[in-house]
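Participant: First the structure, which I've put down as structure tokens, then a few questions once you've had a look.
Throughout, read-outs are computed from the coordinates displayed, never taken from laboratory work. Note that this is a predicted model, so its numbers are computed, not measured. Using ideal geometry, Cβ is built from the backbone for each residue, glycine included, and neighbour counts are taken over all protein chains shown.
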Amino acid sequence: MSALMKYKGFPLEDAAGEVVMKKLKAQGGTGGVIAVDKNGNIAMPFNTAGMFRGYVKEGGEMKVALFGDQ
């Protein structure tokens, strides 16, 4: 993911999506990732029926998501 961001200029969300939705699937894999970049941007793509995920930002903003919740 970091190589896509560094060498191809992908933003975090695109890089995370590329790895989980394309590269991982192409290998027959399933799963997801919670990714954070140096600017505090967050991406949480997954290619399974559901994934428990969440974060808390420095200012106190919280998010918890289950399965397909956005």
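Participant: By its C-alpha gyration tensor, with a ≥ b ≥ c as the square roots of the eigenvalues, how is the stretch 2-65 shaped: rounded for a/c under 1.5, else prolate for a/b larger than b/c, else oblate?
Facilitator: oblate
Participant: Given 0.36 nm per residue, what is the gain on full extension from Asn47 to Tyr7 after removing their alpha carbon distance, in nm?
Facilitator: Length gained between Asn47 and Tyr7: 11.9 nm.
Participant: So, one more: Quick one: putting +1 on the C-beta of Lys and Arg, -1 on the C-beta of Asp and Glu, what dipole do you get for the stretch 2-65 around its Cα centre, in Debye to the nearest 20?
Facilitator: For this selection, approximately 200 debye.
Participant: Something else: Please give me, ordered by residue number, the GluC sites (Glu not before Pro) of the chain that lie in loop per DSSP and have at most 12 other Cβ atoms within 10 Å.
Facilitator: Glu58, Glu61
Participant: Of all chymotrypsin sites (Phe, Trp or Tyr not before Pro) in the chain, which ones are in loop regions per DSSP and have a Cβ with at most 15 other Cβ atoms within 10 Å?
Facilitator: Qualifying residues, ordered by number: Phe52, Phe67.
Participant: Still on this structure, please answer the following. In the stretch 13-55, which trypsin sites (Lys or Arg not before Pro) are in a loop and have at most 13 other Cβ atoms within 10 Å, using DSSP for the loop call?
Facilitator: Filter output for the stretch 13-55: Lys38.
Participant: Where does the chain land at 222 nm, in deg cm²/dmol rounded to the nearest 500, when only DSSP H runs of n ≥ 4 count, each adding -39500 (n - 2.57), divided by all residues?
Facilitator: Taken over the chain, the calculation gives -4500 deg cm²/dmol.
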